[in-house]
Ligand code: ACO
């Protein structure tokens, strides 16, 4: 690793690295990825162990505070989060300003940014107490906001949080409950939801996390910085891939299903086409994404519990994966399924509409964004993020009066 800052101080030279292929933007002790091995650790704990032994709020405690909670710490943390699950009643009027057919990520970007107007007692990012309360508020209120965005889009009344339920069961009740009928969460589905949250909770310096860090480095408030992360996550090359992947599977299904995979793969490999195999490939993983393995396992469990073992979309996804993993194009480029390849199928089975998939991802990633923002702000050496550029424009020229141009 070369410390370019020293080189710059001595020589004035800087590096050119669009897309940050080979530039570390920070030091971090939160999440570790070994892309060649396909290994992912949160604060040193393998994701496989966290997914099996912990729930999402324990994972949040881990990411925010550096370690898993003991029983007393967990009780305290859960109680602090559940105290904040309600959102300011005025937010429903803010929501009312949106079209009902707006994309949930457009709505969520607005709502999260708007939180700084509703909770302006915690907007000083340099104040550790403000950051702590903002963190709890964001983690607690994201499920409420995502469920509100969904209920608004289908024209149903909002369901208020019920704090004796677990984080994930509460989210599902706010999504699928109605005032006429109490929602009975299914344990397998709740566990699957929780696993989706755990697997998406943090992933070191991806595009949205780097966006949160860059945005937060100006000293803006935590809600604004997280809203920037939500906006970045929306893109199909990032969090939007789960929605894009399910749409792709639906397209192949419409083309004729498994029999048409070869034709689709040929299109993907064509250098003149912009078609990508969504849910495949990763900047860091050059091996199977460990989250995708866990997600595929969850897929089996959920579809089994729902009696949907023969779900055509799941069969199509597995056949597509098999063909791609044996294809020279994908082998040569070390392209493997990423977490989004199977997460959409699980979410769809749970009953979450495709357009809400990325909002669910944002809900889960909020804790990672906050942990990374806290880490950056707490570092005494942190500076505003300010990349340099290689200027390729015109040399100095003189402005001519309008009549002479
Ligand atoms: N389908 C087909 N070809 C691909 C794919 C894909 N999904 N991903 C990469 N490639 C090819 C590229 O065309 C390139 O080929 P070339 O060397 O012949 O030009 C080669 O593999 C290397 O790809 P890059 O684009 O350089 O890889 P990069 O690290 O910049 O991009 C990314 C990673 C954005 C994830 C990319 O793999 C992609 O677009 N995947 C599909 C979208 C997706 O699933 N995103 C989710 C990522 S995980 C997450 O955010 C949670």
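Table for the structure above
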item	result
Residue of 313, 142, 105 that the Gaussian network model of the chain assigns the largest fluctuation, springs spanning Cα pairs under 10 Å	313
GNM result for the chain, Cα springs below 10 Å: residue of 220, 15, 392 fluctuating most strongly	392
Segment 140-260, relative contact order in percent, only Cα pairs under 8 angstrom and at least six apart counted	13
Likely footprinting exposure, 405, 291, fewest C-beta neighbours within 10 Å first	405, 291
Linear extension gain, residue 120 paired with residue 405, 0.36 nm per residue minus alpha-carbon span	97.6 nm
Mean Cα-pair separation over length for the chain, i.e. relative contact order, pairs under 8 Å, 6 or more apart, %	22
Cα gyration tensor shape of the chain, rounded if a/c is under 1.5, else prolate or oblate by comparing a/b with b/c	rounded
Cα gyration tensor shape for segment 51-210, rounded if a/c is under 1.5, else prolate or oblate	oblate
Mean separation of Cα contacts under 8 Å (6+ apart) over length of segment 30-95, as relative contact order %	19
Gain on full stretching of the segment that runs from residue 381 to residue 24 - 0.36 nm per residue minus C-alpha separation	127.0 nm
Alpha-carbon centroids, segment 1-36 and segment 291-317: separation in whole Å	39
Per-residue [θ]222 nm for the chain (sum of -39500 (n - 2.57) over DSSP H runs n ≥ 4, rounded to 500)	-17000 deg cm²/dmol
Most mobile of 385, 155, 114 in a GNM of the chain (Cα contacts under 10 Å)	155
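Every number in this text was worked out from the coordinates using simple rules, so none of it is lab data. A quick note: this is a predicted structure, and the numbers were derived from the prediction, not measured. A quick note on method: Cβ atoms are made from the backbone with ideal geometry, for glycine too, and the neighbour counts reach across all protein chains shown.
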